[in-house]
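The values are calculated or read from the model by the stated rules, or taken from the named source; none is laboratory data. The structure displayed is predicted, hence computed values, not measured ones. Positions of Cβ are backbone-derived with ideal geometry, glycine not excepted, and every protein chain shown enters the neighbour counts.
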Amino acid sequence: MIAAVIIICLGLLTVSVRVWRSFNKTRADFSITIEQRLEAVGKMNEVNWVVCGMMGSGKTFLAGSLSHALGLEHIEIDDFPSKEETVDFFSKQNPSEVWIGEANPWQIPAEVFRMVKIVVFMDFDNAVNYVRLLCRGFQRWREERFGWKAFRHHVWEMAIKDWCRIVYLHGKANREGWREKGISGLKSDEADFSCIRCISPAEVRVLVSRIENYGYKHRRI
């Protein structure tokens with residue numbers, strides 16, 4: 001019995017350490033890379049952005065924070081019911097009105113990628129995305145005052161059964177595909193944007209701190 005408890009505790013500790021590392025890993029050259037790419041763009045509040053990644057990566061929060069910092073309109077692309085309506089909406093945008101859009105890459109038409117100058121690709125481990133989705137499920141359960149029906153819907157059916165299946169069955173393959181084939185569906189000579197790939201929330205914080213260095217301010221991520 002004691003041996004089983006020890007094994008379980010060691011297993012939980014190992015998982016916790018791996019999750020912590022997934023949230024906090026950073027690449028040595030990341031700061032230099034984003035400095036170069038942001039400098040190449042110029043004034044960051046005068047160009048269109050796209051934030052993309054798997055569900056649970058924190059796209060909406062980051063896009064909202066950047067929108068607040070840079071004074072850009074925040075557009076949730078996955079709110080549009082079809083590709084045609086998405087393209088129609090963005091094609092009617094005034095060129096002088098810049099924006100920041102966010103969605104999973106497969107929800108963003110190539111026509112939209114042609115309009116942007118900076119793409120932030122949130123390429124996080126499955127553990128990061130799923131922990132955030134699990135927290136989202138518990139948060140929604142709390143908002144409905146911890147009722148049994150709310151638990152069954154938000155935590156058991158959505159977070160544990162549905163989101164876990166999506167993240168762990170498709171997350172890694174999707175991210176590898178976007179890395180290898182490109183996230184925009186455009187050929188290399190057609191893609192006129194700078195892509196900043198973040199592999200963890202820690203790298204997102206580094207990106208945001210660099211934006212602060214350029215004189216932009218935002219709420220803390």
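Each residue in the range 124-147 was checked for being surrounded by fewer than 21 Cβ atoms within 10 Å (Cβ to Cβ) and in contact with a Cys (Cβ under 9 Å, 6 or more places away or on another chain), and 1 of them qualify.
The residues of the range 33-54 that are surrounded by fewer than 19 Cβ atoms within 10 Å (Cβ to Cβ) and either in contact with a His (Cβ under 9 Å, 6 or more places away or on another chain) or more than 13 Å from I211 (Cα to Cα) (or both), listed by number, are T33, A40, E46. Looking only at the range 46-101, residues that are part of a helix (DSSP H, G or I), aliphatic (A, V, I, L, M) and touching a helix residue (DSSP H, G or I) at 6+ places or on another chain (Cβ under 9 Å) come to 6 in all.
The residue of the range 174-203 that is nearest to D125 (Cα to Cα), among those that are touching a Pro at 6+ places or on another chain (Cβ under 9 Å) and of a type in the set (S, T, N, Q), is N174. Of all residues in the range 1-32, those being touching a residue at least 24 places away in the same chain (Cβ under 8 Å) and not in a helix (DSSP H, G or I) number 3.
Among the residues of the range 148-206, those that are exposed (fewer than 14 other Cβ atoms within 10 Å of the Cβ), more than 19 Å from W49 (Cβ to Cβ) and in contact (Cβ under 8 Å) with a residue 24 or more places away in the chain comprise Y168, K172, R179.
If I ask for residues that are surrounded by 14 or more Cβ atoms within 10 Å (Cβ to Cβ) and either acidic (D, E) or farther than 30 Å from L134 by Cβ (or both), which ones from the range 55-71 would you list?
L70
Taken as a whole, the structure leaves G185 outside the set of residues that are over 20 Å from the mean Cα position of the chain (by Cα) and small (G, A, S). Here I221, I160, I166, I211 are screened, and the one residue that is at pLDDT below 90, of a type in the set (V, I, T) and in a helix (DSSP H, G or I) is I211. Evaluated against (1) under 25 Å from N104 (Cβ atoms); (2) of a type in the set (D, E, K, R); (3) touching a residue at least 60 places away in the same chain (Cβ under 8 Å), E35 falls short on exactly one condition, (1).
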